[in-house]
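The values are calculated or read from the model by the stated rules, or taken from the named source; none is laboratory data. All values derive from a computational prediction rather than experimental measurement. All Cβ positions, glycine included, derive from the backbone under ideal geometry; neighbour counts span all protein chains shown. Quick note on the areas: whole protein, heavy atoms, side chains included, nothing else; ligands and nucleic acids left out. Shrake-Rupley method; radii C 1.70, N 1.55, O 1.52, S 1.80 Å.
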Amino acid sequence: MPVAKVALLTGITGQDGSYLAEYLLALGYEVHGVVRRSSLFNTQRIDHMYEDPHEGSAMRLHFGDLTDGVTLRRILEAVGPEEVYHLGAQSHVRVSFDMPEYTVESVALGTLRLLEAIRDVDRTGIRFYQAGSSEMFGAAPPPQSERTPFYPRSPYACAKVFAHHQVVNYREAYGMFAVNGILFNHESPRRGETFLTRKATRAATRIKLGLQFTLYLGNTRAKRDWGYAGDYVRAMHLMLQQDQPEDFVIATGSTHSVQEWVHAVFDRLGLDPADHVREDPRYFRPTEVDVLLGDASKARERLGWVPVVGFDELVDMMVTSDLRLAERERLLLEAGHREPPAIESRA
Ligand code: NAP
Ligand code: F7E
């Protein structure tokens, strides 16, 4: 019987980490994840994969933090992974303007800490994936590909550009198998509730069931290339199975405005956004990324990667899932549970 490959994931509790862990477990991997300590459980997205380690679970969790290099090194030594998927980050662009120093600590220096730990533990045997972002292109005109120069427009994007260049430099300086996936926006029913797509599906489904009345938004003219997270984690894995380490753009190749997303969501529920959507200046960013539209032809040709889920199917999937969630909320409310705070009071 072939020996299972061992993978270590930072950010396993996040949207992408949960889909990637599922994907790798299905391929027969032993999956290890770095989880930060929190006062409430932060493992909701991966609980369904967790089994008692005493009974030989294929997924194991380790306490660690991207701001703590010593612990990252200890985890690497203890786990001995063949593949490291570095997904952990303070990943919210607007929040990065509120918390620039912490964002750089976790996104830029966190990546450097991990690369340094790998260099010491085993510089050539471990394959390393860096979660790069289309935000790095920022104000560069579309379409954006691997050849497009970066023009970052937020502390988050500046930190990702730093991490990107470190990965290239560790590859060239130490011969490490280290790659950057430059992923455009990808969404799912597991998307954090303060990102635009999910904020809209949560709000519209709650409005439909009478749990909320208004959705407050910032800039609705921005355009994004939105794909499905489940498709994008396949690309991460493919990048680490190649003969040579190379960087790839991952995108759908079509772009839609925030307004289009909101209309598509409200339409499906028979609601008119004009009755419910209002502007709130606090959701605007000091500098915005106006249009993202990815050219993923290199990934199509070299990895054989193409997205399966399109815009309409993604909207359907997220609306259906959040409608179920809102129905549960309403049932709890009817059973006398306290009304939860409105989504927009949270971020
Ligand atoms: P996410 O849902 O926000 O998940 C982020 C993960 O990082 C969570 O597991 C979080 O832990 C963890 N984390 C945050 N700060 C940490 C720290 N200091 N130490 C250790 N772990 C920490 O993000 P995502 O959407 O899955 O994205 C995954 C990665 O891809 C991120 O690096 C993101 O920047 C990048 N990316 C995302 C997209 C996208 O559209 N989703 C596109 C391009 C790039 P908690 O659960 O405890 O918060
Ligand atoms: O914003 C606009 C906002 O926060 C999308 C992260 O995963 O993808 C994500 O970053 C657009 C922006 O995602 C609201 O101004 C309007 O133009 O969902 P978002 P993002 O900033 O594109 C990239 C690729 C990453 O790497 C990041 O980690 O929507 N917008 N009104 C709003 N956005 C939010 N969040 N909330 C609003 O009320």
Pull up segment 219-230, narrow it to residues that are open to solvent by less than 10 Å² (accessible area, probe 1.4 Å) and more than 12 Å from G17 (Cα to Cα), then point me to the one that is nearest to ligand 2 (Cβ to nearest atom). A222
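Check segment 233-250 and report whether any residue there is among the aromatic types (F, W, Y), out of contact with any Ser or Thr (no Cβ under 7 Å at 6 or more places or on another chain), assigned by TED's automatic domain parsing to the domain that holds L24 and touching a residue at least 12 places away in the same chain (Cβ under 8 Å).
Yes, segment 233-250 contains a residue that is among the aromatic types (F, W, Y), out of contact with any Ser or Thr (no Cβ under 7 Å at 6 or more places or on another chain), assigned by TED's automatic domain parsing to the domain that holds L24 and touching a residue at least 12 places away in the same chain (Cβ under 8 Å).
Sort out which residues of segment 105-141 are among the hydroxyl-bearing types (S, T, Y) and at pLDDT below 95, and write them in order of number. Even if it seems obvious, please write down each step before you answer.
Step one: of segment 105-141, the residues among the hydroxyl-bearing types (S, T, Y) are 106, 111, 124, 129, 133-134.
If the condition is that a residue be among the hydroxyl-bearing types (S, T, Y) and at pLDDT below 95, then T124 is the only one that fits.
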Residues located in segment 1-36, provided they are within 8 Å of ligand 1 (Cβ to nearest atom), more than 21 Å from G125 (Cα to Cα) and either free of Cβ contacts under 8 Å to residues at least 60 places away in the same chain or assigned to a strand (DSSP E or B) (or both): T13, V35, R36
Subset of segment 50-76, residues at pLDDT below 95 and assigned to a helix (DSSP H, G or I), comes to P53, H54, E55
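Looking at segment 231-347, what helices (runs of 4 or more DSSP H) fall wholly within it and have at least 1 residues that are within 16 Å of ligand 1 (Cβ to nearest atom)?
Numbers: elements: 258-268, 273-276, 311-334.
Passing ranges, in order: 258-268, 311-334.
So, in segment 77-121, exactly how many residues are away from ligand 1 (no atom under 12 Å from the Cβ) and either in contact (Cβ under 8 Å) with a residue 12 or more places away in the chain or among the hydrophobic types (A, V, I, L, M, F, W, C) (or both)? Full working, then the answer.
If we filter segment 77-121 for residues that are away from ligand 1 (no atom under 12 Å from the Cβ), which is where we start, we get 77-84, 94, 97-98, 100-101, 112, 115-121.
With the extra rule that they be either in contact (Cβ under 8 Å) with a residue 12 or more places away in the chain or among the hydrophobic types (A, V, I, L, M, F, W, C) (or both), the set shrinks to 77-84, 94, 97, 100, 112, 115-121.
Summing the residues that are away from ligand 1 (no atom under 12 Å from the Cβ) and either in contact (Cβ under 8 Å) with a residue 12 or more places away in the chain or among the hydrophobic types (A, V, I, L, M, F, W, C) (or both) in segment 77-121 gives 19.
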Taking segment 79-94 and keeping residues within 23 Å of M59 (Cα to Cα) and either within 14 Å of ligand 2 (Cβ to nearest atom) or in contact with a Phe, Trp or Tyr (Cβ under 8 Å, 6 or more places away or on another chain) (or both) leaves E83, V84, Y85, H86, L87, G88, A89
Take the residues of segment 127-138 that are crowded, with 24+ Cβ neighbours inside 10 Å and over 15 Å from the mean Cα position of the chain (by Cα): which is nearest to D280 (Cα to Cα)? F137
Hits in segment 92-121 - residues which are of a type in the set (F, W, Y) and open to solvent by 60 Å² or more (accessible area, probe 1.4 Å): Y102
Sole exception among (1) at negative phi; (2) assigned to a loop (DSSP other than H, G, I, E, B) for G210, by number: (1)
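Residues T71, T43, T124: which one is among the hydroxyl-bearing types (S, T, Y), open to solvent by less than 60 Å² (accessible area, probe 1.4 Å) and in contact (Cβ under 8 Å) with a residue 12 or more places away in the chain? Explain how you work it out, then say what you get.
On the way: T71 fails: in contact (Cβ under 8 Å) with a residue 12 or more places away in the chain; T124 fails: open to solvent by less than 60 Å² (accessible area, probe 1.4 Å).
One residue alone meets the criteria, T43.
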